[in-house]
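Below you'll find the structure, written out as structure tokens, and then a few comments.
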Amino acid sequence: MIANPPRGPTAKHMASRPNFLILMADQLAASALPAYGNRVVKTPHIDGLAERGVVFQSAYCNSPLCAPSRFAFMTGRLPSAIGAYDNAAELPAHIPTFAHYLRHAGYQTTLSGKMHFCGPDQLHGFERRLTSDIYPADFGWTPDWLNFTERPSWYHNMDSVTKAGACVRTNQMDFDDEVIFQSQRHLFDIARGNDNRPFCLVVSMTHPHDPYAIPAEYWNRYDEAQIEMPRVQIRPEDLDPHSRRLRHVCGMDAQPVSSAQIRAARRAYYGAVSYVDDQIGKMMRALKDARLDENTIVILLADHGEMLGERGLWYKMSFFEPSARVPLLVHAPKHIAAGTVGASVSTIDLLPTLVELASEGKAPQYASELDGRSLLPHLERRGGHDEVFAEYLAEGAIAPIVMIRRGPHKFVHCPADPDQLYDLRGDPDELDNRAAADATLAAQFRAEVARRWSLESLHGEVLASQHQRRLVAAALQQGQLTPWDFQPHFDASQQYVRNHKTLDEIEAAARFPRVP
């Protein structure tokens with residue numbers, strides 16, 4: 001990266017170490033954004049980031065579920081390497097995250113919003129958390145592969161679709177409004193403060209995650225006639241085995257939905273995407289007003305996508321494109337030339353990218369093995385990898401499911417199911433499973449899976465972890481409960497107007513910009 005865009009981006013020429021503002025949305029499919037070809041959804045602020053930034057057109061999560069995806073993103077490791085099997089898995093405290101690496105390098109690291117940490121460590125390298133999480137930090141959501149037919153109460157169901165529509169207020173609005181308010185104020189606190197360290201601020205919203213309910217302001221941004229129906233419609237009996245399992249786990253077979261309900265759910269989802277866009281606009285304005293924008297790299301991503309009725313499926317939990325492909329934008333127009341990257345990359349690639357950008361041209365020293373690879377070659381227009389590995393080990397599965405995306409091909413393998421092989425060049429909707437027709441290529445992928453994963457051992461590890469966590473969860477509900485949920489602390493004695501300083505001192509320090 002450099003200060004003069006015409007010379008091309010290169011990290012070692014940057015005048016000072018960059019700040020990082022990482023904007024994360026939950027369940028935001030790449031296909032829901034105009035930057036990725038959507039012609040209905042209205043996201044002017046994200047459009048602006050894309051126009052002046054680098055758009056990764058083929059970015060994937062490494063597990064299409066909240067917690068495993070986020071833990072992989074934070075550590076640069078695949079879920080199986082860190083025990084991040086499902087939404088009740090604990091991220092071990094000894095595994096370095098990008099927050100640890102940046103903090104070790106002299107950054108102030110802050111998290112506002114969701115990261116779905118489970119267990120007693122609720123920071124994982126962040127110096128501060130500005131809000132609690134929206135989801136529980138205990139092991140109560142642990143799946144049970146040995147009791148697949150029973151649907152626990154915490155699984156998704158179809159109420160989100162059947163009850164979709166406009167509302168006045170939701171739990172998620174309460175959460176994200178707080179996340180954005182605290183994040184904006186944090187940027188101004190940085191600008192007004194005396195801490196000269198560069199910063200990494202992660203702002204993680206829970207929208208546009210279901211339930212599909214959004215205030216009228218956003219619902220009314222879309223006319224019903226604008227909302228297209230799903231492109232791919234497949235009868236449940238013709239779906240692949242994992243998709244049929246997902247229909248059972250999420251109660252899709254128990255609650256049939258009408259065309260009107262499908263359209264309402266998609267309309268509310270689009271409204272939620274526009275809500276996310278408005279919050280991103282607020283963050284970008286705060287960054288500029290705080291005079292922190294010129295040396296800040298803004299990264300936009302999602303933890304996974306959303307099926308939104310495609311193939312008769314909702315939510316995520318599969319490796320089909322709507323579920324596994326995510327937006328990934330890198331915006332630093334004064335330092336990185338705008339453009340697009342067509343190669344396939346994934347969110348585990350962000351840890352080495354951030355660490356290299358913060359290293360001032362020095363070779364980073366990593367404390368553990370990484371599965372991710374730096375995106376700097378892509379940002380610097382000097383090639384880069386075109387390969388993604390991903391895993392799914394959570395609810396709806398009965399054995400490990402792995403995915404390899406390389407070149408035009410996507411290969412999905414599970415010991416319990418037939419293989420899936422798609423050539424996305426001519427089959428973007430993944431309708432033509434080529435595993436039998438291209439038997440030689442499928443055999444090559446199967447051999448690679450066998451070299452890369454020990455799926456039988458992994459299966460045993462997942463089952464053992466599920467058994468242990470279910471016992472721990474049940475035990476901790478007995479007697480006195482000591483929650484792990486993060487409790488934000490604010491020292492009221494140091495806020496606003498107090499008598500430890502004169503009024504003039506307080507007002508002068510709080511005003512930005514300061515008056516000489």
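The values are calculated or read from the model by the stated rules, or taken from the named source; none is laboratory data. Remember, predicted model here, so these are calculated numbers, not experimental data. Backbone-built Cβ (ideal geometry, glycine too); neighbour counts: all protein chains shown. Surface accessibility is based on the protein's heavy atoms, side chains included, excluding ligands, DNA and RNA. Shrake-Rupley method; radii C 1.70, N 1.55, O 1.52, S 1.80 Å.
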Practice problem: From PHE139, PHE126, grab the single residue that is under 18 Å from the mean Cα position of the chain (by Cα) and crowded, with 20+ Cβ neighbours inside 10 Å. | Solution: PHE126
Quiz prompt | Single condition THR97 does not satisfy, out of (1) of a type in the set (Val, Ile, Thr); (2) within 22 Å of LEU21 (Cβ to Cβ); (3) open to solvent by 20 Å² or more (accessible area, probe 1.4 Å) | solution = (3)
Practice problem: For ALA337, indicate whether it is open to solvent by 10 Å² or more (accessible area, probe 1.4 Å), closer than 16 Å to GLY48 by Cα and small (Gly, Ala, Ser). | Solution: yes
Practice problem: Considering only segment 101-117, state which residues are touching a residue at least 12 places away in the same chain (Cβ under 8 Å) and over 30 Å from GLU395 (Cα atoms). | Solution: TYR101, LEU102, ARG103, ALA105, GLY106, TYR107, GLN108, THR109, THR110
Quiz item: If you take the residues in segment 288-317 that are more than 18 Å from the chain's Cα centre (by Cα) and assigned to a loop (DSSP other than H, G, I, E, B), which one is nearest to ALA32 (Cα to Cα)?
Solution: GLY309
Quiz item: If you check PHE389, PHE411, which single one turns out to be open to solvent by less than 40 Å² (accessible area, probe 1.4 Å), closer than 27 Å to HIS331 by Cβ and either in contact with an Asp or Glu (Cβ under 6 Å, 6 or more places away or on another chain) or of a type in the set (Phe, Trp, Tyr) (or both)?
Solution: PHE389
Exercise. Assess whether ILE262 counts as being within 29 Å of SER153 (Cβ to Cβ) and of a type in the set (Val, Ile, Thr).
Key: yes
Quiz item: What single numbered condition from (1) open to solvent by 70 Å² or more (accessible area, probe 1.4 Å); (2) of a type in the set (Gly, Ala, Ser); (3) within 24 Å of the chain's Cα centre (by Cα) fails to hold for SER465?
Solution: (1)
Quiz item: Which ones in segment 196-230 are touching a strand residue (DSSP E or B) at 6+ places or on another chain (Cβ under 8 Å), touching a residue at least 60 places away in the same chain (Cβ under 8 Å) and open to solvent by 60 Å² or more (accessible area, probe 1.4 Å)?
Solution: ARG197
Quiz prompt | Candidate set from segment 236-266 (those that are free of Cβ contacts under 8 Å to residues at least 24 places away in the same chain and within 18 Å of PHE320 (Cα to Cα)); member that is surrounded by the fewest Cβ atoms within 10 Å (Cβ to Cβ) | solution = GLU237
Practice problem: State whether one or more residues within segment 485-500 are within 22 Å of GLN122 (Cβ to Cβ) and of a type in the set (S, T, N, Q). | Solution: yes
Exercise. Specify the residue that is surrounded by the fewest Cβ atoms within 10 Å (Cβ to Cβ); the eligible residues are those in segment 363-377 that are without any contact (Cβ under 8 Å) to a residue 40 or more places away in the chain and over 16 Å from ALA72 (Cα atoms).
Key: ALA363
Quiz item: Can you find even one residue in segment 35-45 that is surrounded by fewer than 24 Cβ atoms within 10 Å (Cβ to Cβ), of a type outside the set (A, V, I, L, M) and under 15 Å from the mean Cα position of the chain (by Cα)?
Solution: no
Practice problem: Could you please let me know if ARG285 is surrounded by fewer than 23 Cβ atoms within 10 Å (Cβ to Cβ) and either on the phi < 0 side of the Ramachandran plot or at pLDDT below 95 (or both)? | Solution: yes
